[in-house]
Number of protein chains: 2
Amino acid sequence: MDLFEQGMENEWLRQLGERGSRLTGPRRAIVRILVRSRRALEPLELFDAVRVEAPGVGLVTVYRTLDALEALGLVQRIHESGGCRRYLRAPHGHQHVLLCTRCGQAELFDGDDLEPLFAQVAARWGYQIEEHWLQLFGLCPNCRKMKA
Amino acid sequence: MDLFEQGMENEWLRQLGERGSRLTGPRRAIVRILVRSRRALEPLELFDAVRVEAPGVGLVTVYRTLDALEALGLVQRIHESGGCRRYLRAPHGHQHVLLCTRCGQAELFDGDDLEPLFAQVAARWGYQIEEHWLQLFGLCPNCRKMKA
DNA sequence: ATTGATAATGAAAATCGTTTTCAATAATAC
DNA sequence: GTATTATTGAAAACGATTTTCATTATCAAT
Ligand SMILES: [Mn+2]
Ligand SMILES: [Mn+2]
Ligand SMILES: [Zn+2]
Ligand SMILES: [Zn+2]
């Protein structure tokens, strides 16, 4: 068992509990899968994965739990040209997503410094910049090999 | 009449024609609205705007024309936290979108230099970076005043 | 201008992902 | 343990988009 993921799982459950949510079987299973996935998952994919270890859980509960986790900022919706329905664990602090366009694997990176750009854009257009989205797409090490 | 927009309108129609599309009334009206809009528009908003000057046009035709324009790279889908169904004219060359979160007005900016970041991320994660999305959100000059 | 081939159209129906409703169940505080 | 009430799954409802299909309109060839 991975200690990092185990810790994250407990933390998510703690935050759910703190918010007044009850720690039910379906929720535990959903959180477990999400925390461990290296890919962003669609509700239906998540549903399938959950049913393996917790048969009987309904798709509705997957949707409801995703909403709750998103409201807590634990999970984020990932936007792609092919659609915007997959969910991934949210970053800690200032990070952005790097996605493999072939297998869907996701990583979180940091270190972007866009302040100078914001200043430039704000000056040019008179906007007050409040938020930015940055996402990188490419091939993960595995898929680079496959392709070669 | 704005010469720039007039030119863009003609160019879009030319590209549609070149692709083998017929230049119909509904398409002309849809292109006309899209080229002139300073905001990204949802299919239904676009539909309403089109109906003013071309009653009888169907919503299906709006969807179909948006698809065609997107396939030609003339129009792009805009992604927002509240949903991803609005369309905006696509940038010429390397530009990104700046959106007013209050009124929806959109601008296209350039001048971002992310190559160093790509190199850094590629080195750290072993990915081959192939594409990037960047989007800025804020308040346009008008909405800044309103708020004050 | 007339014609003919066929792309495009609008209305209606179908489809897809998601949300709502509701009665039954289960988690927590006492 | 019991009472309270959040959560559940099934079914129905929903909204946006797509498909189907018979009709119409564009455009290239006369
Ligand atoms: Mn950033
Ligand atoms: Mn860029
Ligand atoms: Zn990959
Ligand atoms: Zn504004």
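Helical content of chain A, expressed as a calculated mean residue ellipticity at 222 nm, amounts to -14500 deg cm²/dmol (DSSP H runs of 4 or more residues, -39,500 (n - 2.57) each, divided by residue number, nearest 500). Simple rule: put +1 on each Lys or Arg Cβ and -1 on each Asp or Glu Cβ in the protein assembly as shown, find the dipole, and look at B:ALA71, A:LEU3, B:GLN128; the Cα lying farthest toward the positive end is B:ALA71.
Counting 0.36 nm for each residue step from A:LEU44 to A:GLU131 and taking away their Cα separation leaves a gain of 28.3 nm.
Would you please state the base-10 log of I(q)/I(0) at q = 0.12, 0.13 1/Å for the protein assembly as shown, with intensities from the Debye formula using one equal scatterer on every alpha carbon? Calculated log10 I(q)/I(0) at the listed q: -0.96, -1.08.
Helix A:3-18 and the longest principal axis of the Cα set of chain A meet at an angle near 80°. Taken residue by residue and averaged, Cβ atoms of other chains lying within 10 Å of the Cβ of B:19-30 number 0.
Relative contact order of chain B: 18 percent, from C-alpha pairs under 8 Å at least 6 residues apart in sequence.
Legend: Rg and Dmax of the stretch A:9-148, from Cα coordinates, 17.7, 56 Å.
Beta bridges assigned by DSSP with both partners in the stretch B:1-138 are antiparallel in approximately 75 percent of cases.
For helix B:115-125, what angle does its Cα long axis make with the longest principal axis of chain B, in degrees from 0 to 90 and rounded to 10? Result, in degrees: 70. Counting Cβ atoms of other protein chains within 10 Å of each Cβ in B:109-121 and taking the mean gives 4.
Counting only DSSP beta bridges whose two residues both lie in the stretch B:95-147, roughly 50 percent are antiparallel.
Reported to the nearest whole Å, the Cα centre-to-centre distance from the stretch A:83-148 to the stretch B:38-111 is 23. Between B:THR24 and B:MET1, the FRET efficiency estimated from the beta carbon spacing at R0 = 25 angstrom works out to 0.70. The phi-based Karplus calculation (6.51 cos²θ - 1.76 cosθ + 1.60; θ = phi - 60°) puts the 3J(HN,Hα) values of the stretch A:75-83 at 9, 10, 7, 9, 9, 9, 5, x, x Hz, whole numbers, x for Gly and Pro. Taking the longest Cα principal axis of chain A as reference, the axis of helix A:43-53 is set at about 30 degrees. Close amide H contacts of A:GLN105 (hydrogens built in the peptide plane, cut-off under 5 Å, sequence separation of 5 or more or a different chain): A:CYS100. Straight Cα distances below 18 angstrom link A:LYS147 to the aspartates and glutamates B:GLU130, B:GLU131, with same-chain residues fewer than 8 positions distant left out. Annotation: the antiparallel percentage among DSSP beta bridges lying fully within the protein assembly as shown is about 80. Counting Cβ atoms of other protein chains within 10 Å of each Cβ in A:75-84 and taking the mean gives 3.
Read-outs throughout are calculated quantities, based only on the coordinates presented, and are distinct from any laboratory measurement. Please read these numbers as outputs of a predicted model, since none were measured by experiment. Counting neighbours? That spans all protein chains shown, and the Cβs are built from the backbone with ideal geometry, glycine included.
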